[in-house]
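Read-outs: derived from the displayed coordinates by stated rules, not from any lab. Everything numeric here is computed off the predicted structure, so don't read it as measured data. Every residue, glycine as well, gets a Cβ built from its backbone with ideal geometry; the counts of neighbours run over all protein chains shown.
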Amino acid sequence: MNIMIASSEIVPFAKTGGLADVCGALPQQLNQLGHQVSVLMPGYRSVVYGDFDVQKTGIELEIPVGGQLVSGQLLVTTFPESDIKVYLVANDDYFDRESLYGEKGVDYQDNAERFVFFNRAVLEAVRLLDLRPDLIHCNDWQTGLIPVLLKAEYDSNPLYEKIATLITIHNLAYQGNFPSSAMSLTGLDWKYFNHLQMEFFDQLNLLKTGIVFADSINTVSPTYAQEIQGEEQGCGLQGVLQDRADVLSGILNGIDTTQWNPAIDELIPANFSADDWPQGKTVCKKHLQDLFGLEQNSNVPLIGIVGRLATQKGWSLILQVMQKWLEATDIQWVVLGTGAPEFHTALTSLYQNHPHKLGLQLGFSNELAHQIEAGADMFVMPSEYEPCGLNQMYSMAYGTVPVVRRTGGLADTVVDASLETIGDGTANGFSFDSFTAAELEAALSRAVEMYRHDKNNWNKLVNAGIQRDWSWAVSAKAYESLYLETIERKLGQSIAR
Ligand code: ADP
């Protein structure tokens, strides 16, 4: 297949969230599966004027945006140590800026204009670079116009008429809503501005537009694909998602095993693998206890947490259980995170009262994140919602048992320990349903009980997690199938693989 991936963020060139990780890993995996891949992203300052080898293609762009022709250029670079091309849609007025979407918590005023330009440039690049894709893979609201532009403006063009589209929703909470006046910027007929297509309560909604017009839609886990069709997690788009349920699916993200593999990880004090994890993890746990001045006792359960200090991540529940357990038990906690001030304050106060049972670092540290994943016995993630989640997968890859709320990608990756799942060897963690501190405490208690009194079964859980393949290779195969299915549907006939 010939696949074109359009994204507003791609690792290692520009990143604000998980979207960038997916769009960085997937092209290389698809390439290894034998597919032709081209990638397009905006020419941000971080890539055009950064440390990458960026070349001119010699192709100039003239893109209609809101009745004017806006000039730009197509530049090109490659992924490091790869020959997969990444085309950059450059226009310094739009993209040579400090950040991707805004500064100091305020979105750039012209985001609609910037991304209309980018979306239209992606479609022009097909022709100008003679890319001939079978499918364009769009990602989140920033590429939500591509499917409708293709249908409305390019449909009768032989170069374009067979191109299928897929849009991936990485987090439904971000939808690209703009005042209705932004509709004029798109250049599309106002007939599309209705509540069944591009309008969302008087606003232009670019994610909704993508959902309505793409040939297929997916999210980053199967359970999240179901959950977003309901009112609780649908963010107002549940109706349109239900309407498209027949082409909506979920594919779990993978983890980057060049960075997150305990056998070769240079950031942890001892390496280990599925065959010899007990020795390695003992060293990593001691090191973590030492780092934070916790009692160096290998029998005391150590609970790790890494992540944004955001309501979504279930901090209200964690804090309640933590406070109770810090007072009543010898169980140790190590927390790394940054985010909402109220959680900073609450954690600091707990730390001041229990410095020998709680290790706390309020900030961002990739090194410490690796050391926590390697050194903790269990990892807590009671998210309110979780499109996919990476930390629970890192934990399992590092032999750390996750305790999670059964939602989104957490539900799809963590198999709760029960007699049955332990029996059939699938159990790899603990999970619970209701978003309450009582349920979190009950799940954590089950974990601590097993850790302390049933090492045989505990080791089975660790083994199940550490032995499973969490890599992108698995996810890329699922995308390969989805692309093929989408292309076949679009063509209305089978094509040879
Ligand atoms: P989300 O994308 O919702 O924040 P994920 O679990 O999908 O949650 O991914 C979070 C990623 O960010 C992980 O790679 C995690 O290790 C990293 N991370 C989050 N907070 C920190 C921090 N304070 N220090 C280091 N890494 C962090």
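So the values come out like this:
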item: Full-stretch length increase - residue 349, residue 434 - with 0.36 nm per residue and alpha-carbon distance subtracted; result: 27.9 nm
item: Cβ-Cβ FRET estimate between residue 16 and residue 329, R0 fixed at 35 Å, reported to 0.05; result: 0.35
item: DSSP-loop GluC sites (Glu not before Pro) across region 97-168, with at most 14 other Cβ within 10 angstrom; result: 98, 161
item: Dipole in debye (nearest 20) - region 64-193, about Cα centre, beta carbon charges: Lys, Arg +1; Asp, Glu -1; result: 320 debye
item: Residue-averaged 222 nm ellipticity for the chain, from DSSP H runs of 4+ at -39500 (n - 2.57), nearest 500; result: -11500 deg cm²/dmol
item: DSSP-defined antiparallel bridges as percent of all bridges, region 74-205, nearest 5; result: 70 percent
item: Using alpha-carbon coordinates, inclination of helix 455-467 to the longest axis of the chain, degrees; result: 20 degrees
item: At most 14 other Cβ within 10 Å, DSSP loop - trypsin sites (Lys or Arg not before Pro), region 89-152; result: 104
item: Inter-centroid distance (Cα atoms) of region 119-146 relative to region 451-488, Å; result: 31 Å
item: Share, in percent, of DSSP beta bridges within the chain that are antiparallel, nearest 5; result: 30 percent
item: FRET efficiency estimate (nearest 0.05) - Cβ-Cβ, residue 297 to residue 264, R0 30 angstrom; result: 0.55
item: For the chain: relative contact order, % (alpha-carbon pairs under 8 angstrom, 6 or more apart); result: 12 percent
item: Protection proxy ranking, peptides 219-227, 3-11, average beta carbon neighbours within 10 Å, highest first; result: 3-11, 219-227
item: Euclidean distance between Cα centres, region 301-380 to region 1-78, Å; result: 37 Å
item: Dipole magnitude (debye, nearest 20) for region 208-295, charges at Cβ of Lys, Arg, Asp, Glu; result: 80 debye
item: Qualifying lysines (Cα of each under 20 Å from Cα of residue 286; at least 8 residues distant if same chain); result: 357, 455
